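To start, the structure under review is shown below, and the notes come after it.
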Amino acid sequence: MTQERNPRLVRFEGIVKRFGTVTAVEKMDLDIAEGTLVTLLGPSGCGKTTLLRMIAGLEDPTEGDIYIKGERINDIPIHKRNLGMIFQNYALFPHKTIFDNVAFGLKYRNVNKAEVEKKVTQALEMVRLPGVEKRMPAQLSGGQQQRIALARAIVIEPDVLLMDEPLSALDENLREEMRREVDNLQQMLGVTTIFVTHDQREALSMSDKIVVMKDGKKLQEGTPDEVYNQPNNHFVADFLGHSNFAEGEVVGKENRFVKVRLKDGTIFRVEDTGRFQEGEPVELVVRAQKFDAFRQEEFTPDPEMNYFEGKIRDRSYMGGEVSYFVELPDGTEVHIISMMRTRIYEVGDSVSVQVAPRHCHLLPIET
Amino acid sequence: MKRISGWSLIRLYTILVYVFMFAPIVAVIILSFNPQQFGSFPMKGFSFEWYVKLAGNETILRAFKNSMVLGSLTAILTTAIGIPAAMAFVRYDFPGKNSLNTLLLAPIMIPEVVLGVALLLFIRWLQQPKSFLLLLIGHVVITLPYVLLVVQARLVGIKREYEEAAMSLGASPFQAFREITFPLLMPAILAGMLFSFTISFDDVTATLFWATASNQTVPVKIFGMLRNSISPEINALGTVMIILTISIPLLAGYLSRKFSKET
Ligand SMILES: Nc1ncnc2c1ncn2[C@@H]1O[C@H](COP(=O)(O)OP(=O)(O)OP(=O)(O)O)[C@@H](O)[C@H]1O
Ligand SMILES: [Mg+2]
């Protein structure tokens, strides 16, 4: 059972892709481990699709090498790469029945007829759509079509499954359901999967590893927990979740803490990671969810914590959470999200806000 | 009070336009059944005399065969050239693409007389005699733009992703074309063949320049017959032509609908 897993099933070495003067992907080095689901996450135009299409063999890298299972595949044409591809708009062959769609890849793999039927039936069961063999793609709903596309891709037992925003054409509820389905199927089959999305929720909930991209560059890669809780630059912190930023300067160290003086003079204590030294300018990041708000009269300061005072400026409900904007005496606003079940404040209330040092992070100032 | 509204005027006008357009055609069809030598209304009886005569007219039959062979070959050749050309224009980038596309579409805009003379001068310069091959090449040049336009329009609508999906599943580019693109393109290919057949079958102007005595087509023959006398046989021939040019597209439309339902 416990097979040795290849930590570099897919490997990019110094990949660059230029379209004329546009650089779509810049100096990309990336390893993808066997059996994992890796998400390429980033805003529109950051080069996610281009990267995926280079693995598929639909684009040629301008520079660099791509390896699958240790073999350099730059010059291997797409149809010899044994990959499964899922498109945003399903791309089922409209003139073929579901059976013929799913069986398509098997035609080129020397599988006998009885075996083909067995495999197609199995694949359709796996995507929980048994019995639709005779229908045409147009007779299925969008979600069903995407499942068939999934069945068509996994039936050939691909080395890598490539998905380019496979859920974005589905409506909200269906998307959640399909997301779980893809996740389960991926784990069950253990197929190495590269998943492109610009939806951070999708990325955070299903990935083993997230690669955050911007302008063709990899900004951070790590587990969802790492990129979410320890963003290593402003963009990642901002792109994933709701973050507050404040510039300041390291003014000293004390036990396991770094002391940071913000522009307005407040001193914040942040857990010391050894990354910054006294005198360095830094940017403080705190996620909106990490703050606790208290009524000013009832607040007793805890010397272990960071805290500040302000007035509620704006309040809105977001499902089970409440989002506030708190205005500080110097006019800056802090975004706070707290759970519904805690006390709810009115606009105009004076509050004290507290946050633990371990929930504060420091980033280098970007110029 | 009776009012004549704008709409009824337009309706009347439309009817008149149609009458004007179709009356001669109807007249030809009716007169083809007229037994008299000099057709005029009212008709004195009804007969298939001219059709029988037509069926016995060797030169007409030969012209008819010429037209059919020429039209079919033109249709086949034009699609055989048009499909790969359309693929190249829509799916690939290469230097000079736009100029080449314009060049191939140009015959639509160039008067046929000019084309006719130009091709003649060209083979004169090559010191070749007029031949059936020349006629065929000429018709291919004239009909290619239509096939290109129809096939290209359809190809633009067939998403690249279908081919990409097929290739990712293991089909070579050619297999992907055969399995996916070609069947999806079929209605356009049929329409294109039909266009080229009917255009070739119908063509007078350019064919007049290119045809030799032995490979005259039906329209050229009719044109020749009209110069000598107006035999009622022409009415019969005209009727046959009308029926053919109307029924072939209808048949093809029916076939392509049936075809697309079955696959
Ligand atoms: N075929 C092409 N020709 C020219 N430029 C291209 C081509 N394909 C992509 N680009 C450019 O490369 C950059 C990256 O595009 P890409 O499609 O990879 O972005 P993406 O991250 O997938 O964005 P989205 O989330 O919108 O799909 C963009 O600036 C885009 O304009
Ligand atoms: Mg994209």
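Observations
- Segment A:1-127, accessible surface, carbon-and-sulfur percent (1.4 angstrom probe): 46 percent
- Placing R0 at 56 angstrom, the Cβ-Cβ distance between residue B:11 and residue A:169 gives a FRET efficiency of 0.75 after rounding to 0.05.
- Whichever lysines have a C-alpha closer than 22 Å to that of residue B:221, once near sequence neighbours (fewer than 8 apart) are set aside: B:53, B:65, B:130
- Compared with the rule-of-thumb size 2.2 N^0.38 Å for a compact globular protein, segment B:57-262 has a Cα radius of gyration ratio of 1.17.
- For segment A:216-309, a Kirkwood radius taken over Cα pairs fed into Stokes-Einstein (20 °C, viscosity 1.002 mPa s) yields D = 144 µm²/s.
- Residue-normalised convex hull volume from the C-alpha trace of chain A: 186 Å³ per residue.
- Under a 5 Å amide H cut-off, with hydrogens placed 1.01 Å from N, residue A:25 pairs with A:17 among residues at least 5 apart or on other chains.
- Derived scalar couplings between HN and Hα for segment B:93-98 equal 10, 8, x, x, 4, 5 Hz in order, rounded to whole Hz, by the Karplus curve 6.51 cos²θ - 1.76 cosθ + 1.60 (θ = phi - 60°), x for Gly and Pro.
- Histogrammed with a bin width of 10 Å, the alpha carbon distances of segment A:280-341 distribute as 19, 50, 28, 4 percent, first bin at zero.
- The mean number of Cβ atoms from other chains found within 10 Å of a Cβ in peptide A:78-85 is 5, as a whole number.
- Solvent-free Debye scattering, log10 I(q)/I(0), computed from the Cα coordinates of the protein assembly as shown at q = 0.05, 0.06, 0.08 Å⁻¹: -0.44, -0.58, -0.82
- Across A:132, A:347, A:326, mean-square fluctuation computed from a Gaussian network of chain A (C-alpha pairs under 10 Å connected) peaks at A:347.
- When A and B come together, around 1900 square angstrom of accessible surface is lost from both chains combined, probe 1.4 Å.
- Across peptide B:157-165, the average count of Cβ atoms from other chains found within 10 Å of a residue's Cβ is 5.
- Too-long pairs where the Cα-Cα distance tops 23 Å, listed order kept, from A:27/A:214; A:217/A:259; A:69/A:119; A:119/B:258: A:217/A:259; A:69/A:119; A:119/B:258
- Each peptide among A:206-216, A:17-27 gets the average number of other Cβ atoms lying within 10 Å of its residues, and from highest to lowest they stand as A:206-216, A:17-27.
- For the peptide B:174-187, the mean number of other protein chain Cβ atoms found within 10 angstrom of a residue's Cβ is 2.
- Based on the Stokes-Einstein relation at 25 °C and a viscosity of 0.890 mPa s, and on the Kirkwood radius from alpha carbon pairs, segment B:39-169 is assigned a translational diffusion coefficient of 132 µm²/s.
- Rh by Kirkwood over Cα pairs, then Stokes-Einstein D for segment A:192-242 at 0.692 mPa s and 37 °C, µm²/s: 299 µm²/s
- Among beta bridges identified by DSSP and lying wholly in the protein assembly as shown, the antiparallel ones come to about 80 percent.
- Ordering of B:168-181, B:84-97 by packing [mean C-beta count within 10 Å, highest first]: B:168-181, B:84-97
The values are calculated or read from the model by the stated rules, or taken from the named source; none is laboratory data. All of these numbers come straight from a predicted model, not from anything done at the bench. Note that we place each Cβ from the backbone using ideal geometry, even for glycine, and neighbour counts take in every protein chain shown. For accessibility, only protein heavy atoms count, side chains too; no ligands or nucleic acids. Shrake-Rupley method; radii C 1.70, N 1.55, O 1.52, S 1.80 Å.
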